[in-house]
1. Hey, among the residues in region 518-528 that are open to solvent by 10 Å² or more (accessible area, probe 1.4 Å) and hydrophobic (A, V, I, L, M, F, W, C), which one's modelled with the lowest pLDDT?
2. Determine whether K515 is open to solvent by 70 Å² or more (accessible area, probe 1.4 Å) and either of a type in the set (S, T, Y) or within 40 Å of the chain's Cα centre (by Cα) (or both).
3. When you scan region 51-72, do you find a residue that is modelled with pLDDT under 65 and within 25 Å of T209 (Cβ to Cβ), even just one?
4. Looking at region 399-445 only, could you name the residues that are open to solvent by less than 50 Å² (accessible area, probe 1.4 Å) and among the charged types (D, E, K, R)?
5. I need every pair where a residue in region 250-275 that is more than 17 Å from S201 (Cα to Cα) and among the β-branched types (V, I, T) has its Cβ under 6 Å from the Cβ of a residue that is part of a loop (DSSP other than H, G, I, E, B) and open to solvent by 20 Å² or more (accessible area, probe 1.4 Å), sequence separation at least 6 or different chains.
6. Hey, can you tell me all the residues within region 251-272 that are among the small types (G, A, S) and either in a loop (DSSP other than H, G, I, E, B) or within 19 Å of T303 (Cα to Cα) (or both)?
7. Considering N468, N485, N477, N498, which residue is of a type outside the set (D, E, K, R) and at pLDDT 80 or above?
8. Pairs under 6 Å by beta carbon, first residue in contact (Cβ under 8 Å) with a residue 12 or more places away in the chain in region 290-308, partner β-branched (V, I, T) and part of a loop (DSSP other than H, G, I, E, B), six or more apart or different chains?
Amino acid sequence: MKAIIIILICIFSVSGSYSQTTYIWSGAVNSSFSTAGNWSPTRQVGLISDILIFNTGTTLNITNVNQVTVGQIVVMNNTQLKLTPSTGNPKVISIQGDGDSPNNGQMGEQENIADVKYNEYMHEEPQDMATQKYNEYKTTEEIEAPKDLATQKYNEYKNPPASGMGDIKSAENEFDTNANEDLSIDSNSSLTIMGNDPRLSIYLKQNATAAIYGQLILSGETTHNINSFNTYAIAFKAGGSLVQSSPGNVFSNTGVNNAAVFENGSMLVINHTGALDPFALSVPSSKVTFDAQSNLKYNISNTNALKLSGRHFPNLIISNNCNINVMENIVADVWFNDIVIHTGGKLFINNLSNTIRPKLNIKGNLAINGEIHFPNNGGPQVNLNFNGNTQQNISGSGVININTGVKTLHIYNDIILNRDFTVYCLVVHVNGTINTNGYHFRIYNQYSSREQLPVGIIITPPEYVKGNEGDNSGNTNQNQSAGKNSSNLPETYSISQNYPNPFNPSTKIDFALPKTSLVKISVYDLTGKEIVSLVNSSKDAGFNTVDFNGSNLASGVYFYRMNAEPGNGEIFTKTMKMVLTK
């Protein structure tokens, strides 16, 4: 095992009551944080300016963590540190930083560190530590006299290295990078708070700061917290993350509002079904600020950890098979950046308000390989706005169900489709261009725009209002002229690939009829046996969609076939393959 150099530097302030000791971990796991079993030098940890450095590059499990206050904690060199509290009352690790010590950590005008250290070792009635050091070196043959040590210490502190930390900074370049942070977790390192009872929390005192480049993990079956005295004191940097694998509210009422900031490229991960709304974004009592390109990720189904009303979200990520069902009185507008839903993930947004129709603003992209729904609960629907600052992409093979739960879809920005896109609400095109990119943008309602009808937009029934685009409430201008546009009828018979595909358990199939026809669409298994008839009736010319639910079928490959007969002897037949995966 790589040897670890242990360096002890003692620094006293003007009063002599504040000392600083740098501890470097040198022992095995399962040591006691409160009694310093594997710390060197060995003594009680907890002076308000002590610096604790974990840099073994291994996994460290430290138990029996008590109520302590330290000056600085650094986790570095690929070290995975886990702290477990001692029994009894809830515990808090308070991180002092430099701001609470007398004179803000500075010496008085007439004294400096060298003078204090010199006086300690040369005073006729030395302090306890000076006496201890005197006795230690008095019996050492290599030192001729105590005066030599005093002279040595005087010279060390009279001419300290420019870094102010002796060899520890010059020997550890990575420590140099975050040396000014009072809680520092470097890239590829982690700090885990683990406990079921009692809780163990982290509190940054006045002027203390944190920089998280690695992972801070709160784990167990009790509520652990992290908070600070100052705003924006806790910074999660690009690549850094806070992982909530414990219940409750991570950012409790202790400490200041906006205590933490998630910078671009960082992430807050929700991993516990009992997690409560851990923040309040841009509303009263906000605890967290998210930069636009930071991430909020849900890895587990949980409704109580996501509240929408009046909040500004970063990139929202719903993981595989994670079901988020928001049931909320949404009484104020909401802002999202990207919305990413992975395969099997679902997001339902239900507005339960009886009076307010909020705007849901999407500033980034939609990447939906799972499902997103806006159910209609009988009250006011929501208005959905695409209003980013750059081109917004709509992609994925999942379900985007913009149905009667949405009153109006407003488009204020350039949109490009990388998939077929279907809506069942009024679409008001205010600004920007719509590039269907060879895909279909189907509107089962009215389309309002000042521009000519973009290529690829299909309106059923073909109600196209050209003129003023309407107001933000979704009400079109009464002076607009409406007219039928027969060119929106399909020119040929067609049936599309089902979406999503593969699917579980439901999928949709679109088909187009240039003429009123007798249509039959059936599903078959691999043997050619008909499983179910989806359509068997006369259909008017236009675009249609049929749903298929395979919940009663086994996983596997199935086929669906469309036969269309307009009654003049023509027959259109086409067979497609689909995959059910459970």
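1. That would be L526.
2. no
3. no
4. If the condition is that a residue be open to solvent by less than 50 Å² (accessible area, probe 1.4 Å) and among the charged types (D, E, K, R), then R419, R442 are the ones that fit.
5. V261/Y232; T273/I300
6. S252, G255, A259, G265, S266 - these are the residues of region 251-272 that are among the small types (G, A, S) and either in a loop (DSSP other than H, G, I, E, B) or within 19 Å of T303 (Cα to Cα) (or both).
7. N498 is the lone residue from the list that is of a type outside the set (D, E, K, R) and at pLDDT 80 or above.
8. So the pair list comes out as I300/T273; N302/T273; L308/I330.
The values are calculated or read from the model by the stated rules, or taken from the named source; none is laboratory data. This is a predicted model, so every value here is computed, not measured. Positions of Cβ are generated from backbone atoms using ideal geometry, with glycine treated the same way; all protein chains shown enter the neighbour counts. Side chains included, ligands, DNA and RNA excluded: accessible areas come from the protein's heavy atoms. Shrake-Rupley method; radii C 1.70, N 1.55, O 1.52, S 1.80 Å.
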